[in-house]
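Comments concern the structure below.
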Amino acid sequence: MHEFDLSGSRADRLDQTDRARKALIEDGGVILRAALPTRAVLGLRRELTEAFAELSTEDWTWSRLRRDAGDDDLLAMRRALFACPSNGALFRHPRLAGFLGAVLEVETPFLHPRRWLRLNKPGTGLDKWTVPYHQDYRFVHGTQDVLTVWTPLHRCDTGGLRLELRSHRDGLRGLGERTETNHLPPATGVNGRNLAEPVCDVGDVVVFHSLTVHATAPNFGTLNRISVDARFQRPDDPMAREQLLPAMAPQDQLPIGAPGVLDEDPAAWSGDPAIARPAGLPLVPAGEFDLTTPAGTSRFAPVP
């Protein structure tokens, strides 16, 4: 995968945006090194640990989360993320948001209110709440040009993401059968020769297109992999209306958002007061999960 180092000056970063845009068109994903300050990521990590400890009424530490958190803890961890004051500010850091805006050719890209905490236990990467090969477009709809930003909350040598490079050029892949151990039908036709599995330091992010096929990588380490991800788009591109609402948890049919908040205002349920629907943002209905053709056209995905 193409890599871009964002640790330099703003001018140095902007000088790389054309090449990053071309790399997204070519491969469907890029690695942005030092896109987020280490201190900011560690701050979110501290907030997450404290918020989860408060929700669970147990004495959790970050070390214990890496060692002991499991499937039964994931939902509370996801809600704890929305209780973190910096859950939105981290992704809006000028180093990252400014670069993505330049890649999308817009001054201020729109950060979706839904954000996801991911937990990958040591093992195959196919536990119940990890994800097999899939395309984000089936979940977000709206414009094809939604960019997912994924970052681990610790150095990640194993158990991160696997991406099938250039898969965004194929449109929507077919769906296979669910396995007994997982809750999602996998995308079909994955070409193992095109797989990339980035190694990331704290502050590195992986950015990929909504049609790029990707999955949880097997975790060959001894500790949990814990990551967060969010999505950006141009504020003048269509967005599925439901993406302004919290996702509903299949475990208890309650919102995955700030604990105890039932308000449908994105600034309330996301715990991110800076969220505001941009003027002129077109809202459209979400399509069916098993649709065969994405809506509209893409700046980054050549027509198959």
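The values are calculated or read from the model by the stated rules, or taken from the named source; none is laboratory data. In this text, all values refer to a predicted model and were calculated from it rather than measured experimentally. All Cβ positions, even for glycine, are placed from backbone atoms using ideal geometry, and neighbour counts span all protein chains on display. For accessibility, only protein heavy atoms count, side chains too; no ligands or nucleic acids. Shrake-Rupley method; radii C 1.70, N 1.55, O 1.52, S 1.80 Å.
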- Message: Please return the ranges of strands (runs of 3 or more DSSP E) entirely within region 195-304 where 1 or more residues are small (Gly, Ala, Ser) and in contact with a strand residue (DSSP E or B) (Cβ under 8 Å, 6 or more places away or on another chain).
- Response: 214-216, 225-233
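Quick check on Gly160: is it buried (at least 18 other Cβ atoms within 10 Å of the Cβ) and of a type in the set (Gly, Ala, Ser)? Even if it seems obvious, please write down each step before you answer.
On the way: buried (at least 18 other Cβ atoms within 10 Å of the Cβ): yes; of a type in the set (Gly, Ala, Ser): yes.
When the stated conditions are applied, Gly160 passes them.
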- Message: If Gly203 satisfies all but one of (1) within 23 Å of Leu175 (Cβ to Cβ); (2) in contact with a helix residue (DSSP H, G or I) (Cβ under 6 Å, 6 or more places away or on another chain); (3) surrounded by 16 or more Cβ atoms within 10 Å (Cβ to Cβ), what's the number of the condition it fails?
- Response: (1)
- Note on the structure: Across (1) touching a residue at least 24 places away in the same chain (Cβ under 8 Å); (2) open to solvent by 30 Å² or more (accessible area, probe 1.4 Å); (3) at positive phi, Gln251 clears everything bar (3)
- Task: Scan (1) part of a loop (DSSP other than H, G, I, E, B); (2) open to solvent by less than 10 Å² (accessible area, probe 1.4 Å); (3) closer than 22 Å to Asp237 by Cα; (4) polar (S, T, N, Q) for the single condition Thr130 breaks and write down its number.
- Result: (3)
- Of the criteria (1) surrounded by fewer than 20 Cβ atoms within 10 Å (Cβ to Cβ); (2) farther than 15 Å from Thr151 by Cβ, which one Phe82 fails: (1)
- Quickly run through region 21-60 and pick out the residues that are open to solvent by 20 Å² or more (accessible area, probe 1.4 Å), part of a loop (DSSP other than H, G, I, E, B) and over 20 Å from Asn87 (Cβ atoms). Ala34, Thr57, Glu58, Asp59
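Among the listed residues Arg231, Arg241, which satisfies the condition of being touching a residue at least 24 places away in the same chain (Cβ under 8 Å) and surrounded by 15 or more Cβ atoms within 10 Å (Cβ to Cβ)?
Values: Arg241 fails: surrounded by 15 or more Cβ atoms within 10 Å (Cβ to Cβ).
Only one candidate passes the filter, namely Arg231.
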- Unique residue being under 25 Å from Ser9 (Cα atoms), more than 18 Å from the chain's Cα centre (by Cα) and at pLDDT 95 or above when the list is Ala102, Ala69, Ala53: Ala102
- Taking the condition over 20 Å from the mean Cα position of the chain (by Cα), β-branched (Val, Ile, Thr) and within 21 Å of Phe91 (Cβ to Cβ), does Val261 pass? yes
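Identify, from the list Arg178, Arg173, the residue that is open to solvent by 20 Å² or more (accessible area, probe 1.4 Å), without any contact (Cβ under 8 Å) to a residue 40 or more places away in the chain and part of a loop (DSSP other than H, G, I, E, B).
Details: Arg173 fails: without any contact (Cβ under 8 Å) to a residue 40 or more places away in the chain.
On inspection, the qualifying residue turns out to be Arg178.
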- Item | Number of the exception - Gly28 against (1) over 22 Å from the mean Cα position of the chain (by Cα); (2) at pLDDT 95 or above | (1)
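State whether one or more residues within region 293-301 are touching a Lys or Arg at 6+ places or on another chain (Cβ under 7 Å), open to solvent by less than 30 Å² (accessible area, probe 1.4 Å) and closer than 27 Å to Val103 by Cα. Reasoning before the result, please.
Here is the first cut: in region 293-301, the residues touching a Lys or Arg at 6+ places or on another chain (Cβ under 7 Å) are 301.
The next check asks that each one be open to solvent by less than 30 Å² (accessible area, probe 1.4 Å); those that pass are 301.
Cutting the leftovers down to closer than 27 Å to Val103 by Cα gives us 301.
Scanning region 293-301 turns up at least one residue that is touching a Lys or Arg at 6+ places or on another chain (Cβ under 7 Å), open to solvent by less than 30 Å² (accessible area, probe 1.4 Å) and closer than 27 Å to Val103 by Cα.
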- Query: Is it the case that region 68-77 has a residue that's of a type outside the set (Phe, Trp, Tyr), more than 25 Å from Ala35 (Cα to Cα), in contact (Cβ under 8 Å) with a residue 24 or more places away in the chain and outside any helix (DSSP H, G or I)?
  - Reply: yes
